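For reference, the structure is listed below as structure tokens.
The values are calculated or read from the model by the stated rules, or taken from the named source; none is laboratory data. Keep in mind it's a predicted model, so treat the numbers as computed, not measured. Positions of Cβ are backbone-derived with ideal geometry, glycine not excepted, and every protein chain shown enters the neighbour counts. Side chains included, ligands, DNA and RNA excluded: accessible areas come from the protein's heavy atoms. Shrake-Rupley method; radii C 1.70, N 1.55, O 1.52, S 1.80 Å.
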Amino acid sequence: NQRYVLALIAFSLDSKAWGAIEEGSVIGNKEVDGKSTWLSSIDECSWYNVSCTGGLVTGIQLDEYSLIGEIPAEISRLDHVDSISLRKNCLYGTLPPELGELPLKYLGLAENAFSGFIPETLFNLTSVEYVFLSFQNGNRWNCTRSRGGIVDIYYSHGDQAQGANLGLQGKILGDKISNLSSLRTISITKNQFSGTISTDISSLKQLENMYAESNKIRSSIPTEIALMENIRVLDLSQNYLTGEIPQDVGNLKRLEYFALSGNGGLSGPLPSSLFELKSLQYIYFQENSLTGKIPSSIGMYQDLVGLNLGSNEFTGSLPNGLYNLTNLMFLYLHENSLGGSISDKIGQLTALTQLSLYGNPFTGTIPSSLGLCEELENLYLHETNLHGTVPEEVCALTMKSLVPQEYNALSADCYPDIETLVPFITCGCCDICCDHVTLECVTAVME
């Protein structure tokens, strides 16, 4: 019966967490009432964070409980459970195929230490709306008790867990993904999922959030992705995507966060349809092989907060439309082939906190209007062809905070030339000075 299954779960996930606990005791990060702890004599529907309807267990929520162990197959005998959340623990081993027999709407197993292939039976969860399977990847705060060597195994790999064959594997975005047509959110980050993105992804009409960064997915972006009409967050960063970004992404009218960074193989220009997405707030396309000019139509994004096109192959000058993005806080355009001068209009971007333009052949001088960007914390202008003196208005930004932030920085090519002993840029306030020729940088204030 369900009481037996719950007890089995407790013993499987380190029974030290469930024994006779006095009122006010702490399990993991949670203070619990000793009278309602698991394995107590009261009805199991009154056990801590167990949900019941009509006397039948329908939910288990034990996030951050320092649980260590493997999920037992017998969990499938709780055949009315539609919600399981065991996030931020130290669960390991493979996912039991029996999970696919439950009428789940919510499956939260993120930030644990699972490994092995994802069971095919999970694609039978046709009613599931939320799936969280992201790997723990070095978050060790709740793996404090040793049992069966799992802590030693996990700690020995630490942040390089992916290379140690930890993390889930399989073709999770393959053809069978179409079975999960009720999905609203899926998070599978920092695992070892592989394969391609199936055209059947178009079946995910209800999907609002997809977090799939840091896996081993090797694929182009199918045009059918544009049929996920409710998508708001789409993150496919740090995979092995290739080809061009399809024009059809212009159909994702509700998209707010679009991240394709760190794939390397994405090429071609930015699709013109991208600039029809008025809801976009974050665009992270850095570390790819994107080409062409940044169109002036980028100024259509009135709500844009973050734009990162760094480490690509963009050419041309900074478009005038860029200076219309008055809500922009993060602007990264470093390591491209952008040229021309930096317009005084950049002072219109008064919400900026991060501005990275280094590694581009910009010419002319640093505009004093940057001093109007009073929220600016980091300004990177080294490895360019800019010359002259860093304006006093810009230097004044470094004096605004009485308590300087640890990572605040102002960089320019202010290191003295090895032959002339004259810097390319004179800067009395830079804390990072770079050599324009050797591109070497030092952390020092150069007067």
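Structural remarks
- Near R3, once Lys and Arg are set to +1 and Asp and Glu to -1 for all other residues with Cβ below 14 Å from its Cβ, the sum equals -2.
- Rounded to the nearest 10 degrees, the angle from helix 2-12 to the longest Cα principal axis of the chain is 50 degrees.
- Rounded to whole numbers, the Karplus 3J(HN,Hα) couplings from phi for the stretch 67-82 are 7, 10, x, 10, 5, x, 4, 5, 4, 5, 6, 7, 6, 10, 6, 10 Hz, using 6.51 cos²θ - 1.76 cosθ + 1.60 with θ = phi - 60°, and x at Gly and Pro.
- Computed 3J(HN,Hα) for the stretch 207-220, one whole-Hz value per residue from the Karplus formula 6.51 cos²θ - 1.76 cosθ + 1.60 where θ = phi - 60°, is 5, 10, 9, 10, 10, 10, 6, 6, 10, 10, 6, 10, 6, 8, glycine and proline marked x.
- 18 Å cut-off, amide nitrogen to a point 7 angstrom out along T126 Cα→Cβ, residues in the stretch 101-118: 101-106
- Within the shell defined by Cβ-Cβ distances under 11 Å, the residues around M300 carry a net charge of -1, with Lys and Arg each +1 and Asp and Glu each -1.
- Relative contact order %, the chain, counting alpha carbon pairs below 8 Å whose residues are six or more apart: 6 percent
- In this structure, the amide hydrogen of S115, modeled 1.01 Å from its nitrogen in the peptide plane, lies closer than 5 angstrom to those of G93, T94, L95, G167, counting only residues at least 5 positions away or on a different chain.
- Dipole magnitude of the chain, debye to nearest 20 (Cβ charges: Lys/Arg +1, Asp/Glu -1, about Cα centre): 1160 debye
- Charge tally for A259 (other residues, Cβ to Cβ under 12 Å; Lys, Arg +1; Asp, Glu -1): -4.
- Cα gyration tensor category, rounded, prolate or oblate, for the stretch 220-343 with a/c compared to 1.5: oblate
- Taking the protein heavy atoms of the stretch 214-370 in the context of the full set of protein chains, the accessible area attributed to carbon and sulfur is 45 percent at 1.4 Å.
- When only alpha carbons of the chain are considered, Rg and Dmax amount to 26.3, 85 Å.
- Ranking V249, L6, V131 by how far each Cα lies toward the positive end of the dipole of the chain (charges on Cβ) leaves L6 at the top.
- Rolling a 1.4 angstrom probe over the protein heavy atoms with all chains in place gives the stretch 277-377 an accessible area of 36 Å² per residue.
- Selection among S219, S198, P361 by position relative to the dipole of the chain gives S198 as farthest towards the positive end (Cβ unit charges, Cα centre).
- Peptides ranked, highest mean first, by Cβ atoms within 10 Å: ranges 188-198, 388-398: 188-198, 388-398
- In the chain, helices alone account for a calculated mean residue ellipticity at 222 nm of -1500 deg cm²/dmol, with every DSSP H run of four or more residues adding -39,500 (n - 2.57).
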